[in-house]
Structure formats: structure tokens, C-alpha cells
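What follows is a set of notes on a single structure, which appears directly below.
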Amino acid sequence: MKFVISREALIKPLQLVAGVVERRQTLPVLSNILLVAEGDQLSMTGTDLEVELVGRVTLDEPAEAGSVTVPARKLMDICKSLPDSARIELTLTGQKMVIKAGRSRFSLSTLPAAEFPNVEDSPETLELSMVQQQLRNLIDKTGFSMAQQDVRYYLNGMLLEIADGKLRAVSTDGHRLATSVTDVEAEDGLQHQIIVPRKGILELARLLQNGDAELRLVIGASHIRAHVGDFTFTSKLVDGKFPDYERVIPKNGDKILLSDRMELRQVLSRIAILSNEKYRGVRLALSPGYLQVMANNPEQEEAEETLAVDYDGDSLEVGFNVNYLLDCLSILNSDVVRLTLSDSNSSALVEGFDEEGNLYVVMPMRM
Amino acid sequence: MQRKIIHCDCDCFFAAVEMRDNPELRSIPIAIGGSADRRGVIATCNYMAREFGVRSAMSTAHALKLCPHLRVVSGNMAKYREVSQQVMNIFLEYTEIIEPLSLDEAFIDVTGSQHLQGSATLIADEIRRRVKEEVGISISAGVAPNKFLAKVASDWNKPDGIYVVLPNQVDAFVLTLPVKKISGVGEKTAEKLKKIGVETCQDLRAKSLAELVEGFGAFGKRLFDLSRGVDERPVKVSRIRKSISVEHTYPQDLADLESCIAQLPVLMEELDLRYTKLKEARAITGVVVKVKFFDFVQTTAEHTVTYPDIAHFRQLLIDAFNRGLRPVRLIGVGYRLADEGKDQPLQLSLLGDY
């Protein structure tokens, strides 16, 4: 196996593929990436058994065919450290991968390609096409609410639901929920739900960089595959039942507050400085025309600010984890944000005033 | 200053109290526990019963198989608490630095004591004599420069015995100790240690600190210290409660996961009741589920979480059940508690009991 490639052509796909590789591995071959050269095609594969990313590059000149695995991080660090204009020659010599560029020479250990695991395939159940920006947007708008290492494993991921010609993303950590929706072309009456694990979502988002370019999703019984340009990304699905998001979205809120989004965000950020560092609680007091925001901490320090808002409902005092509110306010686009509340023990709905499709639910904190 | 710690441990406490109050129990094997037809377990038994292999935490039914003429007495916790208080009151005459570990055992720190020329050995002797005369039960004591050695020593000449480890004997005493004597070293850790060739504290000393920390985490550092007879833990006057839990042994085994899950709401309600009754409200740092299968193999599953709801318990229960996949006789649920008080706000759950 032997091929020559410019640093420029290699570095981007290599970084993406190596990104999938976990730093700590139980199986030595999993810290490697698989290189396969054939004709003028080079493919690189990284996996952690849950997700797999294959990147393809066209070589300027045909390769001597072959396949082998090499340490991902070391190969990436070597390529990164070479000058931008470098041409890199990789030759498999015995059990070593010899890398030459200019006057530099490296000899990397390898493991046989046969030891490299495949993420198992499952029969295809449906296929969807859209532009990359659509899915990227869903992930950007909702990903922050995914749980992390929660024992309720089905929350450590994102629900993707296809129904009525729409693709909806939902994520929740049990205290707040985020959902966003986009139109897709799908057969009439098609209904399907999957949970993509957290890592799969984060890696997929990194891959979706060309807004208007096509993205093809193939969904199987236990995996999802994304075809993105020269990359094929596969992730296992989480086998579990996601909470019914419809039930969680409050419908009886009668206290509606409109506020300038940036102003509210700035007020909350300021007041948050003196909230309890661990629990991050702030109190909101609503009264006609005004919203008062208050916080204090165990050191008995206090912060308070009042801002003018559009509100003419009953007075209400309610506590929230300020980070949950700030996350929503940062991710919305509208200039005006709408908060819908009912009482201090019920969830609040956070939406952009003229922003269709993105919806956030935040549960209060009893303070 | 050289510390002087005494570990006092009543000999088969519940059984001893029953034998004290009922002479006819003194010459026969007895056990305190739940009755066999209600699937009870043995809490304590006397030494005659132990000769038949009866042990704490064994099912009463099994104990009766080993020792058919065993007399099983149902316990009287109110009485035991009262007797325990009498014993503690005797300790109090020698020092106020007392750390009770349970009703029948305590560390006491007599460093700098003016009693009996400041001799910890004489104090321990006198305590043992007075407990026997004034309370009517026997108590064993271990005297040593720290808690670890005092605890090992109290077991050395049990029952009704005393063992003293003088500061200049610490080294020799520790060297011969099997690692199993170290509190915190259970079967699993002992097995793990054996795999790396460690069976005694002497073997343990041959290991570097780095190696022990690598293999056992924070406990590795403790193993390193203890194998050298070093234990700086002070005798804490009031022990902070680290967790709160409730458990239930079912009259009939729960055959499958569904029937286990069905028990959760009741257990949770009981747990929350106990939690709200705590004298000092405390923040929660995690949840624990314990499952004991019909064959007495038990397993616990834990999760760190500040705002638990029933779904956390359900998932832990599923995880724990799946390790055994057989009928369940006992389920326990608990909260791990933070040291700090509970001025924490309560984050409400969005998903309810989903």
C-alpha cells in the first residue's frame, strides 16, 4: 500500500474522522483509523462502535492498493504539524506505515485492517433527503437540552420524528425540553421515531457544514446513516422509549409576557452573577408592565433588576435555573421573546415572537 | 500527642440483652430476628447458635435448618435503645469524645484523660467491668493509637475480651494482619488484592502508592496508609448521616421486573416520608437501589443526581434486576445525602413520573 496526498486534501477529512475516535479505548484497534486505498480513491474510517465515520478523498495519482489501520491521533498530529504546502507520501512497509514529507520521516505502528470492526448494519426502513442546513439547524436549536450520562439512557440523545411531512427534533434532560421542526419530503402518512445517541448527534453536527448541499438520511431498525458529500456517517440508535413531548408542552398558560430578547438576556446574565453557583436559581416577579429579576447566594449577596415588559396579567413570582432560561434566549433568533406561564409550579413556554417551529419548555425551581 | 482510642463492641448485643432478661435463654442457642414463615432474617444470635453456623443476615428459615432447636426471639428495639443508652452513659463518664457506630459499638477517644492515670488500658478494663456489673452484658474492647487498629483489636479476644496495641507494637501487629481485617475490604476487594499477590498487610506494604491508587482509586491511598498502621481519622462526636433508605422484604418473591417496578411507588413514598422527617434537612446527591434476589445474592445500583424522580429509581431497578434476572425477595431505595444543609432550591421535574 502506497499513496501520495497533499496535506491540504488530507487534513480536513482526517480531522473529522479522527474526531470520532475516543481518547480512551478498551480495544487497541479502536484508537486507530482504517485507511483503504484503491485506484485513485482513499477512504478513512474511524469508529467507537457506536458511531462510525467514513471519509473519501480522490488522489491525484493512482495508489498502490491496500488497507491497514494506523493510530488516529498520531497521524493527525503529524499531518497538522507539517507545512501547509506539504506533499505526504504514505507507504506500508512490513508492519510499519512510513510517512515522508520533505525531509521529515515517520514510522507509525499499524494493526491489520481485518481487526477493524464494522458498525453493524440493519435493514433499511426509510430514506429522507434535505439540505444539510435543515438538520444542522434542528440540532443547533435543540441539542443543548440533551441529557448527559443520565441513568435514563433514552434521554442521552435526540428524538427525531418524521410525521406529516415534517422532521421534528426533541431533546430533554428532564428539567427542560427543546423542540424544533422542519419540512421534509416524505410519503403521506409516514410516521417514524428514532433516538440518536448524544455522540451521534454531536458528530453529525460537525459534519453538516455546507448549508445548501444535499444530505441523505437512511434509517434502519437500529441505525441511522447520513450521506454528506464525501462522508458517510453511521450511528447506532438508542433502543428505548422517549417521553411523549406533546404531553410535556403546556397548553393552559394564561400569563403571557413579551420582552426584548437581548435585554432580558443581559438582565438575567447580570443577576445570575449572584445566584447560588451550584443551583443557579433566580426569581422572576411579574407585575403589569414590569418584570423584576432577583437572585441571592449562600454568602447573603443579592442582585436585583427591573425591566419594562409587555405584560398585563396577574402578579406571579416564580423561580428558575437561570442557565435554562439563558440557553433558550441565546438560541432563539427573534428580537422579541414570549414567555407563557401559569403558576409557580408549572412549566413555562419560551418562544420567539415571530419564530415558527422552535419551542422551549422550562420547569421552575421552587426556591 | 499520642492518641489513645478505645473501640467498644458489645458481644452479640440483642441476644445478650434477651439472655440477661430471660434466664432460660442463657443455655440454649437463640437468635433475634423475624419468624421463618414471614421470611424473616436473623439480626443477631448468641455464641451457641453461632456454633451451628447461624449468622447475621441469614434467613431465619435457613438458620432453623442449620440449628432446628434454635429459639427465635422477635426483637424489641425500644429496649435495645434503652440498654445502649445505659452503656453510652458509662462511656460518658470517661470522655465526651464518643462516636457511636450503631447501638452496640462506639469509638471513644481518651487521649489526655485524667482518669486512672490516663491509662487507656485501665479505662477500658474499668468500662468493661462496669458494663457487666451495671448493665448486665459483656463488652469487648480494643485499645490502640487509632480507630483502625482499635477496631481490629476489639475483635481479637472477642467475646468478653480486651486487646491492647501499644504504639511500639503497631508495626509488628499490622504486619501479620490479613487484608480482610481492614474495614472496607470485602470479598471483592480481597479477591482483587489476591490477584496481585496481596493477602496480608505485609504484602500490601510492598506495593507502591501509585500502584494502589491506580487499582483502587482513593481507597488505594487508604490501603497504603492502613498497611502501615496509619489512620488519622478523628473520633467524630456526631456522625453525619450519609444516606437514608428504606427497604422491604416481600412475603413472596417478586417473580419478574414488572412486579418489582410495581413496588416502587410505595417504597418511594416511604423514603420521601423519612426524608422529610430528617431532623436537619439535607440536599440529595444521588440515588441508590438495592435488590436482593431469592438466593440472597444482592446488588446495588447508584446514580449521581441532585433532583431525582421516580424514573431514576425505575432505571436503576431495571439495571439491578437485569444483573440477576431471577426472583427478588427484597428491594431497597435510598438517597445519598450531601454534608451541607438543604437551603437548596428544588428543581421541579418536567417529565413527572414518566
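The values are calculated or read from the model by the stated rules, or taken from the named source; none is laboratory data. Quantities reported herein were computed from a predicted structural model and do not represent experimental measurements. FYI the Cβ positions are ideal-geometry reconstructions off the backbone, even for glycines, and counts take in every protein chain you see.
Looking only at residues that are surrounded by fewer than 21 Cβ atoms within 10 Å (Cβ to Cβ), facing chain A (nearest Cβ under 10 Å) and touching a helix residue (DSSP H, G or I) at 6+ places or on another chain (Cβ under 7 Å) in the range B:303-313, which one is nearest to residue B:289 (Cα to Cα)?
Selected residue: B:303.
Right, residue A:238: within 14 Å of chain B (Cβ to nearest Cβ) and within 29 Å of residue A:133 (Cα to Cα) or not? Talk me through it step by step, then tell me what you get.
Numbers: within 14 Å of chain B (Cβ to nearest Cβ): yes; within 29 Å of residue A:133 (Cα to Cα): yes.
The answer is yes for residue A:238.
Is it fair to say residue B:338 is crowded, with 18+ Cβ neighbours inside 10 Å, within 14 Å of another protein chain (Cβ to nearest Cβ) and either touching a Pro at 6+ places or on another chain (Cβ under 9 Å) or part of a strand (DSSP E or B) (or both)? Write out each step before concluding.
Working: crowded, with 18+ Cβ neighbours inside 10 Å: no; within 14 Å of another protein chain (Cβ to nearest Cβ): yes; either touching a Pro at 6+ places or on another chain (Cβ under 9 Å) or part of a strand (DSSP E or B) (or both): yes.
When the stated conditions are applied, residue B:338 does not pass them.
Here is a list of conditions, (1) at pLDDT below 95; (2) within 14 Å of chain B (Cβ to nearest Cβ), and residue A:313 meets all of them except one; can you say which number that is?
It is condition (2) that residue A:313 fails.
Here is a check on your reading of the model: is residue B:305 in contact with a Pro (Cβ under 6 Å, 6 or more places away or on another chain) and either over 18 Å from residue B:259 (Cα atoms) or in contact (Cβ under 8 Å) with a residue 12 or more places away in the chain (or both)?
Numbers: in contact with a Pro (Cβ under 6 Å, 6 or more places away or on another chain): no; either over 18 Å from residue B:259 (Cα atoms) or in contact (Cβ under 8 Å) with a residue 12 or more places away in the chain (or both): yes.
So residue B:305 fails the test.
Is there a residue being without any contact (Cβ under 8 Å) to a residue 12 or more places away in the chain and either in contact with a strand residue (DSSP E or B) (Cβ under 8 Å, 6 or more places away or on another chain) or within 14 Å of chain B (Cβ to nearest Cβ) (or both) anywhere in the range A:145-154? Please lay out each step first, then the result.
Within the range A:145-154, the subset without any contact (Cβ under 8 Å) to a residue 12 or more places away in the chain is A:149, A:151.
Those still in the list that are either in contact with a strand residue (DSSP E or B) (Cβ under 8 Å, 6 or more places away or on another chain) or within 14 Å of chain B (Cβ to nearest Cβ) (or both) too: A:149, A:151.
Yes - at least one qualifying residue is present in the range A:145-154.
Which one of A:209, A:191, A:132 is over 23 Å from residue A:329 (Cβ atoms), buried (at least 18 other Cβ atoms within 10 Å of the Cβ) and more than 14 Å from chain B (Cβ to nearest Cβ)? Steps first, answer last, please.
On the way: A:209 fails: buried (at least 18 other Cβ atoms within 10 Å of the Cβ); A:191 fails: buried (at least 18 other Cβ atoms within 10 Å of the Cβ).
One residue alone meets the criteria, A:132.
Looking for whichever is buried (at least 21 other Cβ atoms within 10 Å of the Cβ) and either among the aliphatic types (A, V, I, L, M) or without any contact (Cβ under 8 Å) to a residue 12 or more places away in the chain (or both) here; the options are A:57, A:98, A:51, A:36. Which one fits?
Working: A:57 fails: buried (at least 21 other Cβ atoms within 10 Å of the Cβ); A:98 fails: buried (at least 21 other Cβ atoms within 10 Å of the Cβ); A:36 fails: buried (at least 21 other Cβ atoms within 10 Å of the Cβ).
Matching residue, one of A:57, A:98, A:51, A:36: A:51.
Suppose we filter the range B:211-253 for residues that are farther than 30 Å from residue B:265 by Cα and in contact with a helix residue (DSSP H, G or I) (Cβ under 9 Å, 6 or more places away or on another chain); how many remain?
Final tally of qualifying residues: 23.
Against the definition (over 30 Å from residue B:306 (Cβ atoms) and either surrounded by fewer than 18 Cβ atoms within 10 Å (Cβ to Cβ) or not charged (D, E, K, R) (or both)), how does residue A:233 come out, yes or no? Reasoning before the result, please.
Working: over 30 Å from residue B:306 (Cβ atoms): yes; either surrounded by fewer than 18 Cβ atoms within 10 Å (Cβ to Cβ) or not charged (D, E, K, R) (or both): yes.
It is true that residue A:233 is over 30 Å from residue B:306 (Cβ atoms) and either surrounded by fewer than 18 Cβ atoms within 10 Å (Cβ to Cβ) or not charged (D, E, K, R) (or both).
Taking the range A:179-237 as the search range and keeping residues that are of a type in the set (Asp, Glu) and out of contact with any helix residue (DSSP H, G or I) (no Cβ under 9 Å at 6 or more places or on another chain), which one is nearest to residue A:144 (Cα to Cα)? Walk me through how you get there before you give the answer.
Of the residues in the range A:179-237, the ones of a type in the set (Asp, Glu) are A:183, A:185, A:187-188, A:203, A:212, A:214, A:230.
Checking the rest, the ones that are also out of contact with any helix residue (DSSP H, G or I) (no Cβ under 9 Å at 6 or more places or on another chain) come to A:185, A:187-188.
Values: A:185: 27, A:187: 30, A:188: 31 Å.
Across the range A:179-237, the extreme among qualifying residues is A:185.
When both residues are 6+ apart or on different chains and their Cβ atoms are under 9 Å apart, which pairs have a first residue that lies in the range A:333-357 and is over 18 Å from residue A:310 (Cβ atoms), and a second that is surrounded by fewer than 19 Cβ atoms within 10 Å (Cβ to Cβ) and among the hydroxyl-bearing types (Ser, Thr, Tyr)?
A:357/A:182
Is there a residue being at pLDDT below 95, in contact with a Cys (Cβ under 6 Å, 6 or more places away or on another chain) and closer than 22 Å to residue B:51 by Cα anywhere in the range B:148-159?
no
Among the residues of the range B:271-302, count how many are under 27 Å from residue B:186 (Cα atoms) and away from chain A (no Cβ under 14 Å). Quick ask: steps written out before the conclusion?
Restricting attention to the range B:271-302, the residues satisfying the condition of being under 27 Å from residue B:186 (Cα atoms) are B:284-302.
Checking the rest, the ones that are also away from chain A (no Cβ under 14 Å) come to B:290-299.
Within the range B:271-302, residues that are under 27 Å from residue B:186 (Cα atoms) and away from chain A (no Cβ under 14 Å) number 10.
Please determine, by comparing only the residues of the range B:241-276 that are outside any helix (DSSP H, G or I) and charged (D, E, K, R), which one is farthest from the chain's Cα centre (by Cα). Walk me through it before giving the result.
At the first step, the residues of the range B:241-276 found to be outside any helix (DSSP H, G or I) are B:241-256.
Then drop every residue that is not charged (D, E, K, R), which leaves B:241-242, B:247, B:253, B:256.
On the way: B:241: 13, B:242: 13, B:247: 16, B:253: 26, B:256: 30 Å.
Per the criteria, the residue is B:256.
Mind listing just one residue for me: the one in the range A:342-367 that is closer than 15 Å to residue A:252 by Cβ and more than 27 Å from the chain's Cα centre (by Cα) and, of those, nearest to the other protein chains (Cβ to nearest Cβ)?
The qualifying residue nearest to the other protein chains (Cβ to nearest Cβ) is A:345.
Residue B:318 versus (1) outside any loop (DSSP other than H, G, I, E, B); (2) at the interface with chain A (Cβ under 10 Å from one of its Cβ atoms); (3) crowded, with 18+ Cβ neighbours inside 10 Å: which is the lone unmet condition?
(3)
Wholly within the range B:99-171, which strands (runs of 3 or more DSSP E) include no fewer than the required count, namely at least 2 residues that are farther than 27 Å from residue B:43 by Cβ?
On the way: elements: B:105-109, B:139-144, B:162-164.
Where strands (runs of 3 or more DSSP E) fall fully within the range B:99-171 and carry at least 2 residues being farther than 27 Å from residue B:43 by Cβ, they are B:139-144.
For residue B:218, are the conditions met, namely being of a type in the set (Gly, Ala, Ser), more than 30 Å from residue B:329 (Cβ to Cβ), surrounded by fewer than 17 Cβ atoms within 10 Å (Cβ to Cβ) and not assigned by TED's automatic domain parsing to the domain that holds residue B:297?
Yes.
Looking only at the range B:82-98, which residues are in a loop (DSSP other than H, G, I, E, B) and charged (D, E, K, R)?
From the range B:82-98, those in a loop (DSSP other than H, G, I, E, B) are B:93-97; that's our starting set.
Those that are in a loop (DSSP other than H, G, I, E, B) and charged (D, E, K, R): B:93, B:96.
Quick one: would you say residue B:210 is assigned to a helix (DSSP H, G or I) and surrounded by 14 or more Cβ atoms within 10 Å (Cβ to Cβ)? Before you say what the answer is, go through the steps one by one.
Working: assigned to a helix (DSSP H, G or I): yes; surrounded by 14 or more Cβ atoms within 10 Å (Cβ to Cβ): no.
So residue B:210 does not fit the description; no.
Would you confirm, using the coordinates I've provided, whether residue A:201 is at pLDDT 95 or above, surrounded by 23 or more Cβ atoms within 10 Å (Cβ to Cβ) and farther than 23 Å from residue A:330 by Cβ? Steps first, answer last, please.
Details: at pLDDT 95 or above: yes; surrounded by 23 or more Cβ atoms within 10 Å (Cβ to Cβ): yes; farther than 23 Å from residue A:330 by Cβ: no.
So residue A:201 fails the test.
Being of a type in the set (S, T, N, Q), in a helix (DSSP H, G or I) and either at pLDDT 90 or above or loosely packed, with under 13 Cβ neighbours inside 10 Å (or both), is that true of even one residue in the range B:278-299?
Pass one, the range B:278-299, residues of a type in the set (S, T, N, Q): B:285, B:298-299.
From what is left, the residues that are in a helix (DSSP H, G or I) are none.
Looking for residues that are of a type in the set (S, T, N, Q), in a helix (DSSP H, G or I) and either at pLDDT 90 or above or loosely packed, with under 13 Cβ neighbours inside 10 Å (or both), one finds none in the range B:278-299, hence no.
Filter the range A:276-306 down to the residues that are away from every other protein chain (no Cβ under 12 Å), buried (at least 16 other Cβ atoms within 10 Å of the Cβ) and among the hydrophobic types (A, V, I, L, M, F, W, C) and list them by number.
Selection gives A:284, A:286, A:291, A:293, A:294, A:303.
Tell me, which strands (runs of 3 or more DSSP E) wholly within the range A:254-367 include 2 or more residues that are farther than 30 Å from residue B:283 by Cβ?
Values: elements: A:255-260, A:281-287, A:290-296, A:302-308, A:316-321, A:336-341, A:348-352, A:359-362.
By residue number, A:255-260, A:302-308, A:336-341, A:348-352.
I want to confirm something. Restricting to the range A:155-179 and keeping residues that are crowded, with 23+ Cβ neighbours inside 10 Å, small (Gly, Ala, Ser) and more than 14 Å from every other protein chain (Cβ to nearest Cβ), which single residue is nearest to residue B:318 (Cα to Cα)?
A:157
If you scan the range B:152-180, which residues turn out to be under 11 Å from residue B:227 (Cβ atoms) and touching an Asp or Glu at 6+ places or on another chain (Cβ under 9 Å)?
Result: B:179, single match.
Name the single residue, out of those in the range B:116-133 being more than 18 Å from residue B:160 (Cβ to Cβ) and surrounded by 15 or more Cβ atoms within 10 Å (Cβ to Cβ), that is modelled with the lowest pLDDT. Let's see the steps before the verdict.
First, pick out the residues of the range B:116-133 that are more than 18 Å from residue B:160 (Cβ to Cβ): B:116-120.
From what is left, the residues that are surrounded by 15 or more Cβ atoms within 10 Å (Cβ to Cβ) are B:116, B:119-120.
Details: B:116: 87, B:119: 92, B:120: 93.
The selected residue is B:116.
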